[in-house]
Amino acid sequence: MNNRERDQVTVREVGFEEALDTVMPILRDIKKSLRRAPKATRTSLEQLTSVKATPKVTAEITPISSSVKKPAAPAPIPTRSAAPNEKPATPTSTTRASHSSKDQVDDGRLPKLEELKKNILTCTRCPNLVSSRTQVVYGVGSPFAELMFVGEAPGEEEDLRGEPFVGRSGREVLDKMIAAMEYTRNDIFIANVLKCRPDMPEGESGNRKPKPAEMATCLPWLREQIALIKPKVLVTLGATAIEGLLGESVTMRDVRGKWLDYNGVPLMPTYHPAYILRNQTMAEKRKVWEDMLLVMEKLGRPISAKQRSYFLPKA
Ligand code: URA
């Protein structure tokens, strides 16, 4: 077995999570030792993502070691053209069918989203964030998503991995919520108002809230994503996301669970996953889950008795 084959077998066998576990400490060390973060990381992580998503293609994947040395273009958005005479897909209202791109007909949005992605990934509107970021976090999911979650801004993990909500609150709260709704990350779309991690003062770790001016500068990108993806329902996560998207300062206690409107799209505000991580009571989890039940009803998704009873006290 030559080196290349050995690398490929290694990628196949360790799996996505283990591969990331290996890569992340290396990235953190590189980031600590450089003033500017390495730019090649996106490529290597996108290669890893495709290892996870399409096992059959794994054998053709370039070994991680060589992909780090040779940065490639951002992963293309999956495309599917309409067959001749094919009718546009009718929005699913009563089935649990996924809304991944393979079920949908391209109405011209895919090249536009591809172009938008390129522009977002190379944005230089905020010089302070350009110099502090590892990469821009575009968003993740289906270009045809019926449901879009909107958070505030990438944190440290998201900045390193180039994907929203991959830190603790994402993995331990948002991902579970998505699974409980019987979606996967590939069926929906997840984005943030601010696409770059807010910069931290020299020597300080952790994350800070995006400033209103930073969100206002970045907002046109999210607005374009929403306009092209055309979700049927938006869910904002936390008060900062509503403030960024609607320009209104709100208290979550007042707005959560009530439908708002974004340019004609029903918008459900709910708590930020990090809030739930800090307040892990059944009562708080139930509030978020009730918001998601409203979302599922709005989307016409069937809801089982078991789903209706999540986070209720046992009788
Ligand atoms: N918090 C957010 O609002 N967005 C992320 O992507 C991660 C944490």
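The values are calculated or read from the model by the stated rules, or taken from the named source; none is laboratory data. Every value quoted in this text rests on a predicted model; they were computed, and no experiment measured them. Methodologically, a virtual Cβ is constructed for each residue, glycine included, from the backbone with ideal geometry; neighbour enumeration extends over all protein chains shown.
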Does at least one position in the range 181-189 carry a residue that is within 13 Å of the ligand (Cβ to nearest atom), in contact (Cβ under 8 Å) with a residue 12 or more places away in the chain and either in the same structural domain as GLU152 (by TED's automatic domain parsing) or assigned to a helix (DSSP H, G or I) (or both)?
yes
Of the numbered conditions (1) within 16 Å of the ligand (Cβ to nearest atom); (2) surrounded by fewer than 18 Cβ atoms within 10 Å (Cβ to Cβ); (3) under 22 Å from TYR183 (Cα atoms), LEU228 fails exactly one; give the number of that condition.
(1)
So is LEU294 surrounded by fewer than 21 Cβ atoms within 10 Å (Cβ to Cβ) and either modelled with pLDDT of 95 or more or assigned to a helix (DSSP H, G or I) (or both) or not?
yes
List the helices (runs of 4 or more DSSP H) inside the range 125-180, counting only whole elements, that have at least 3 residues being more than 12 Å from the ligand (Cβ to nearest atom) and surrounded by fewer than 21 Cβ atoms within 10 Å (Cβ to Cβ).
127-132, 175-180
Looking at the range 213-225 only, could you name the residues that are within 15 Å of the ligand (Cβ to nearest atom) and farther than 28 Å from TRP289 by Cβ?
GLU214, CYS218, LEU219, TRP221
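Is at least one residue of the range 245-254 surrounded by 13 or more Cβ atoms within 10 Å (Cβ to Cβ), within 11 Å of ALA191 (Cβ to Cβ) and at pLDDT 95 or above? Break it down into steps so the answer makes sense when it comes.
As a first pass, look at the range 245-254 and keep what is surrounded by 13 or more Cβ atoms within 10 Å (Cβ to Cβ): 245-246, 250, 252.
Within this subset, residues satisfying the condition of being within 11 Å of ALA191 (Cβ to Cβ) are 245.
If we keep only those that are at pLDDT 95 or above too, we end up with 245.
Looking for residues that are surrounded by 13 or more Cβ atoms within 10 Å (Cβ to Cβ), within 11 Å of ALA191 (Cβ to Cβ) and at pLDDT 95 or above, one finds at least one in the range 245-254, hence yes.
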Just to be sure before I move on: is PRO220 touching a Phe, Trp or Tyr at 6+ places or on another chain (Cβ under 9 Å) and either in the same structural domain as LEU110 (by TED's automatic domain parsing) or not in a helix (DSSP H, G or I) (or both) in the structure I sent?
no
Return only the number of the condition from (1) at pLDDT 95 or above; (2) more than 15 Å from the ligand (Cβ to nearest atom); (3) under 23 Å from VAL137 (Cα atoms) that LYS258 does not satisfy.
(3)
Let me spell it out: the conditions are (1) free of Cβ contacts under 8 Å to residues at least 24 places away in the same chain; (2) within 16 Å of the ligand (Cβ to nearest atom); (3) hydroxyl-bearing (Ser, Thr, Tyr), and SER249 meets all of them except one. Which number is the exception?
(2)
Residue in the range 201-212 that is within 16 Å of ALA239 (Cβ to Cβ), at pLDDT 95 or above, away from the ligand (no atom under 12 Å from the Cβ) and not in a loop (DSSP other than H, G, I, E, B) present:
yes
